[in-house]
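Engineer: First the structure, then my questions, so here it is.
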Amino acid sequence: MSALAFELHTTEDLIAAVTLTLESFFMVKVEVGQPQFKPLQVKLQSLSGMMTIDQAEFYGFVLLSFEDRFLYGVLQKLYGHAFSEINKSVSDSVGELTNTVYGTFKQHLNKRGHSLRMSIPTVHGPGAQALVLPLHDSVLIPFSSELGSFVVILNLNKK
Amino acid sequence: MKILIVDDFEMVRWMLKDALKDANLSELLETDNATSALQTLREAAKTAKPFDYILCDWHMPDVSGLELLKLCRDDKNLNGLKFILVSADSDGAAIETARQAGAFDYLLKPWTKASLGTILNHMREHYKVVA
């Protein structure tokens, strides 16, 4: 098992990054569920954003997978009109949410002496897909809100 | 005060526009990439009403915000443009890189009303001085 991946503060840092992004940037109050360590397979939701980590210290990814109704709700709050299908605005929102969460998470880790760098997120979906994870070094964190739910998966391995 | 907003994500452009309009800044244009932004800036520079500020995302596909900043600094017609880089990267090294490249300011995502307000005050103060 990696030295970092399952340290409690890493999971806490990720939760803090998600909460800060959703609450301060998008005015969405979220509740955190019980983190699941070492999930073997995850059923992804409608749209997912992934930030790949491949750097000197670590490799892995941060993945955020959203119910479509959660995304529609966030965008309705933002733009003031209803969304009912996945279009470019909805896909874009996944990229930006992923980007901002990762940036904040990276900030927390780097304050602890690590050196993660920014990269550009990729958006996957629409459609449910199964993600088969490596045997170790992953944590899945479920989040819920009045708008819907999403999960965040961190896979982080020390080189 | 004429401002160009550049971000590959529509949502961020919308949020910035919304915040700037709330701050009574309404002379806004937007684009989703650096190449188009440079063209827009250069065309406006030939007119009587060039852009005063650009709020530009750092991490974009193809040409990054930092590269666009350097291109602007190398263009004598864009010397007066004040460049604000927008990024989720809070590393001191990144901020210093932006400063050394000639950025006027740095807006960190996720911004708060207070942090964006600080940037807007900085913009307004400088605009008053130079206007």
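The values are calculated or read from the model by the stated rules, or taken from the named source; none is laboratory data. In this text, all values refer to a predicted model and were calculated from it rather than measured experimentally. All Cβ positions, even for glycine, are placed from backbone atoms using ideal geometry, and neighbour counts span all protein chains on display. These accessible areas exclude ligands, DNA and RNA; they are computed on the full protein's heavy atoms, side chains included. Shrake-Rupley method; radii C 1.70, N 1.55, O 1.52, S 1.80 Å.
Engineer: I need the full set of residues from the range A:25-53 which are open to solvent by 40 Å² or more (accessible area, probe 1.4 Å) and assigned to a strand (DSSP E or B), in order please.
Structural biologist: Start the filter on the range A:25-53 by keeping residues that are open to solvent by 40 Å² or more (accessible area, probe 1.4 Å), which leaves A:27, A:29, A:31-32, A:34, A:36-38, A:40-41, A:43, A:45, A:52.
Answer for the range A:25-53, where residues must be open to solvent by 40 Å² or more (accessible area, probe 1.4 Å) and assigned to a strand (DSSP E or B): A:GLU31, A:VAL32, A:GLN36, A:PHE37, A:GLN41, A:LYS43, A:THR52.
Engineer: Which one is farthest from the other protein chains (Cβ to nearest Cβ), of the residues in the range B:37-48 that are surrounded by fewer than 21 Cβ atoms within 10 Å (Cβ to Cβ) and small (Gly, Ala, Ser)?
Structural biologist: B:ALA48
Engineer: Restricting to the range B:97-131, give me the number of residues that are open to solvent by 60 Å² or more (accessible area, probe 1.4 Å) and more than 14 Å from chain A (Cβ to nearest Cβ).
Structural biologist: Residues that pass the stated criteria total 12.
Engineer: Going by the conditions given, is A:LEU116 within 13 Å of chain B (Cβ to nearest Cβ), at pLDDT below 90 and more than 12 Å from the chain's Cα centre (by Cα)? It would help to see each step written out before you state the result.
Structural biologist: Values: within 13 Å of chain B (Cβ to nearest Cβ): yes; at pLDDT below 90: yes; more than 12 Å from the chain's Cα centre (by Cα): yes.
The answer is yes for A:LEU116.
Engineer: If I go through the range B:68-95 residue by residue, how many of them are away from chain A (no Cβ under 14 Å), part of a helix (DSSP H, G or I) and open to solvent by 50 Å² or more (accessible area, probe 1.4 Å)? Steps first, please.
Structural biologist: Taking the range B:68-95 first, the residues away from chain A (no Cβ under 14 Å) are B:68-84.
Within this subset, residues satisfying the condition of being part of a helix (DSSP H, G or I) are B:68-73, B:76-78.
Within this subset, residues satisfying the condition of being open to solvent by 50 Å² or more (accessible area, probe 1.4 Å) are B:70-71, B:73, B:76-77.
Selection size over the range B:68-95: 5.
Engineer: Being exposed (fewer than 15 other Cβ atoms within 10 Å of the Cβ), modelled with pLDDT of 90 or more and over 15 Å from the mean Cα position of the chain (by Cα) is true for just one of A:ALA130, A:ALA82, A:ALA56. Which residue is that? Before the answer, list the steps.
Structural biologist: Numbers: A:ALA130 fails: modelled with pLDDT of 90 or more; A:ALA56 fails: modelled with pLDDT of 90 or more.
Answer to the selection: A:ALA82.
Residues are listed down the side, and each one gets a yes or a no for (1) part of a helix (DSSP H, G or I); (2) more than 13 Å from the chain's Cα centre (by Cα); (3) buried (at least 22 other Cβ atoms within 10 Å of the Cβ); (4) of a type in the set (Lys, Arg):
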residue: B:ARG13; (1), (2), (3), (4): yes, no, no, yes
residue: B:LEU16; (1), (2), (3), (4): yes, no, yes, no
residue: B:ALA19; (1), (2), (3), (4): yes, yes, no, no
residue: B:SER26; (1), (2), (3), (4): no, yes, no, no
residue: B:THR35; (1), (2), (3), (4): yes, yes, no, no
residue: B:PRO50; (1), (2), (3), (4): no, yes, no, no
residue: B:ILE54; (1), (2), (3), (4): no, no, yes, no
residue: B:ASP62; (1), (2), (3), (4): no, yes, no, no
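Engineer: Out of all the residues in the range B:20-63, which are out of contact with any Gly (no Cβ under 9 Å at 6 or more places or on another chain) and touching a residue at least 60 places away in the same chain (Cβ under 8 Å)?
Structural biologist: Within the range B:20-63, B:LEU20, B:LEU25, B:TYR53 meet the criteria.
Engineer: Filter the range B:97-113 down to the residues that are farther than 21 Å from B:ARG13 by Cβ and either over 15 Å from the mean Cα position of the chain (by Cα) or not basic (Lys, Arg) (or both) and list them by number. Talk me through it step by step, then tell me what you get.
Structural biologist: Let us first name the residues in the range B:97-113 that are farther than 21 Å from B:ARG13 by Cβ, namely B:97, B:99-102.
Across the range B:97-113, the qualifying residues are B:THR97, B:GLN100, B:ALA101, B:GLY102.
Engineer: Just to check your reading of the model, which residue among A:LEU75, A:LEU97 is within 14 Å of chain B (Cβ to nearest Cβ), free of Cβ contacts under 8 Å to residues at least 24 places away in the same chain and not in a strand (DSSP E or B)?
Structural biologist: A:LEU75
The rows are residues; the columns are (1) open to solvent by less than 30 Å² (accessible area, probe 1.4 Å); (2) among the β-branched types (Val, Ile, Thr); (3) assigned to a loop (DSSP other than H, G, I, E, B).
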residue: A:LYS106; (1), (2), (3): yes, no, no
residue: A:SER115; (1), (2), (3): no, no, yes
residue: A:VAL123; (1), (2), (3): no, yes, no
residue: A:LEU140; (1), (2), (3): yes, no, no
residue: A:PHE143; (1), (2), (3): yes, no, no
